[in-house]
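Notes follow once the structure below has been shown.
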């Protein structure tokens, strides 16, 4: 062979081994490109209750002040208080911006010191410092869907007057984008019309997008190659250093350079603002925008809420225009620390964009924090309409092989193959899968390129078996999709390279080798190619988290492409990842395009209005009951819909408001005034058309549990009704017109099941030309909950998870359920005292657990494990008598993880709080003496003031005794 043409070739020939067909490849493989599903919680065992918070760490918020010169006085007073009451405390972060968050984060000696913090002057609230898990990539090409299937249906046929879908989606009756990749047509951008805006010269110039997360590997050529004032990544800070892990109490080591050693937010930054790369046809959404990077994750491990606050504070102070955070934890609420800070920054004019999370498996209301902040743009994910793949050329013949390629094959890979002529790799093509280690026991795979059938096991298991035998590169085949991305957790397999071949291409290569021909794969001209995803392209990304928020607000607000997204990675390489982490930077980039083109001063609310009113609702695809009429997907999943950037730019009619919050039944607001403003040069006549979505059922009325991943019910055809007055509006140029919208909630729904109804109000242009169908139409989105949230149970009282029912007293081993009254425990051994096990089905604004005297009755109840279902309506919370000590307290209590009845994972959570003189999350630090006691649990219901006991879900335990074992028994008389 001539070295002039062997560069970049893989040469395949038959080698006879007992384990199957083997081939030999010539070439060297470098530059890994990782892929995966960006996982913020889906299908992982939830953290234990004890691992939710950084040990002995709290965030303290001060009462708001009007003047900045008061800040130092507040901090000094707080320090003086702690110095007088706690020895050895440590101040971790100081927050002095009274407009964002005024307070500190501190580490104290024990959980019981929380009481000292709460009693300090000018303290508004004390939050446990939550551990925030890092987003992790474990790819899932066919995510489990909720009320959906692999077939995409035409949204037009699913509605009573739905707007024509102007965003190209590969669905029946909907145009798919041109499958020919051109240098400037990166298909996630085509899906949302970004390419058309870029073609008109809008590239985001003058905007700075801040990325909060793992930092940015700024050395990547598509990210500018440098860091500093004259670079694309011009701002930033590393708060933690590479070794930091909040869950292991690893001390942070700050650094002025926020370089990424993980990859996640390098990928995020590329999506938002990466420069064009001709080899891969890649372009970020706003390639002319600048970037800022704020690193709060180390190379591995987790971060914490106070670091998110610190990064938000720093980014706002640095004057960035847009902040994007692809991070969080499920069951967020607006009153938590990070959502509140994000909301305040957003209200001050810096748009905050946050990924909704990938926790759809946790059921309705699984939206993450800080995405739950009021006014924040949280983003759901839509499946890419394309599979991003790569090409190689096949050369055949007896040696010497002809230099003319005979066929081009396609492969789907999380790696970039860049080869040279200095190394060789032998390729082994196994004829059976590698799910069992014995499958490769007699094969010599050392330093080989292995082509192997995909088995029934997890790809990670097969890879471990192959890598244990020395394999360097593994390509799977036998896929159900044309190019099925390997489902791998690449962080557990560092340095290994993996991909997939189509069946037809794998079989072709194997047959050629069997026929005795020498087979050469030429990767020297490897290029990117997009394969139309007819399976699930253009549908909702299954793991994308559901709203609404616990306060019944619309979140997520918008959606963008989020699966199989190619973007920048470490060391000048590339990655293909999936998740809402990929969708959020797409919206952040779109915001940068819009702000740049509109003078750079567009407010966050104006951005939401522009994009929510022009988004495309997606079809609901029901695979459980196809006889139910298909309506659009619930707003709770994707908000207003998939953004259409080109339409947002070209809209002539503005609508306000674009989001109607209908609340729950008890706080229902059904009448709204909606105003249209005509920014065009001609008069416009607009007709109101109602487009209801399918109604989502969130809770199983049998056990009052939120439906989890394996139980999710299909959407039902029971929508709200709507009347508009007037129904037709004529709006002159530069003028406004208002209509009154009256929405009536559906009435034939079981309120116990947390039904979420939603839809769109389309203002349909009647003065448009036929060729402009849909271009002037705008939307307002609405959502409500057909249930009174204050009547839903918070505490789980079922017995299908724990025998004996919940809540329950358990022995100190946290396993043995206490079945009788009056169990006795020695005073001198508090470690043997009982514990209380609780599990929450719903969020609660305030949860408190107290040790009370056993002779105290609430609502006349004598206690017992069944507890108290209600409480006296006229008894105030603070007037409960007999409280001896506080055991647990939290300002906002998350609901626990859903139960998985199929037993695949221990997919439920509960909290076990021990009863000791110094108890976790305690408000008081007291000594418990001998006596008879009970445990009182009180969780505040949503939408209540928390003043009266009727505002709480209440449980009272059976009695138990603490006896003084130091008292000697009197000796018997002679």
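Coordinate-derived values only; no laboratory data. Here the structure is a predicted model, which is why all the values come from computation and not from measurement. Cβ: placed from backbone, ideal geometry, glycine included. Neighbour counts: every protein chain shown.
The distance between label points at residue 80 and residue 511 comes to 8.7 nm (points 7 Å beyond Cα on the Cα→Cβ vector). Counting Cα-Cα pairs of region 549-600 in 5 Å increments starting at 0 gives whole-percent bin shares of 5, 16, 18, 17, 18, 14, 8, 3, 1.
With the convex hull of the Cα atoms taken as the outline of region 49-132, the averaged projected area works out to 5.3 nm².
Reported to the nearest whole Å, the Cα centre-to-centre distance from region 331-358 to region 689-763 is 25. Estimated at 0.36 nm per residue, the fully extended path between residue 444 and residue 318 surpasses their Cα-Cα distance by 39.7 nm.
Within a 10 angstrom radius of the beta carbon, how do 191, 582 rank from fewest other beta carbons to most? Before the final figure, lay out the partial values.
Values: 191 29, 582 32.
In increasing order of surrounding Cβ atoms, one gets 191, 582.
Computed log10 I(q)/I(0) for region 257-309 at 0.20 Å⁻¹: -0.79, from the Debye equation with unit scatterers placed on every C-alpha and solvent omitted. A simple spin-label model places the labels of residue 945 and residue 961 4.3 nm from each other, with each point 7 Å out along Cα-to-Cβ.
In region 247-355, Cα pairs under 8 Å separated by at least six residues give a relative contact order of 20 percent. Based on C-alpha pairs under 8 angstrom that are at least 6 apart in sequence, region 580-727 has a relative contact order of 22 percent. Listed by Cβ neighbour count within 10 Å, with the fewest neighbours leading, 794, 409 appear as 409, 794. Maximal additional length on extending the residue 738-residue 525 stretch stands at 70.8 nm, based on 0.36 nm per residue less the C-alpha distance. Under the simplified labelling scheme, the residue 881-residue 87 pair shows an inter-label distance of 3.9 nm, with each label point 7 Å from Cα along Cα→Cβ.
Once the chain from residue 725 to residue 603 is taken as fully extended at 0.36 nm per residue, the excess over their C-alpha distance is 40.9 nm.
What's the FRET efficiency of residue 456 with residue 831 using the Cβ-Cβ distance as r and R₀ = 41 Å, to the nearest 0.05? So the FRET efficiency works out to roughly 0.30. Each residue in 90, 220, 276, 477 was given a count of other beta-carbon atoms within 10 angstrom of its own, and listing them fewest first yields 90, 276, 477, 220.
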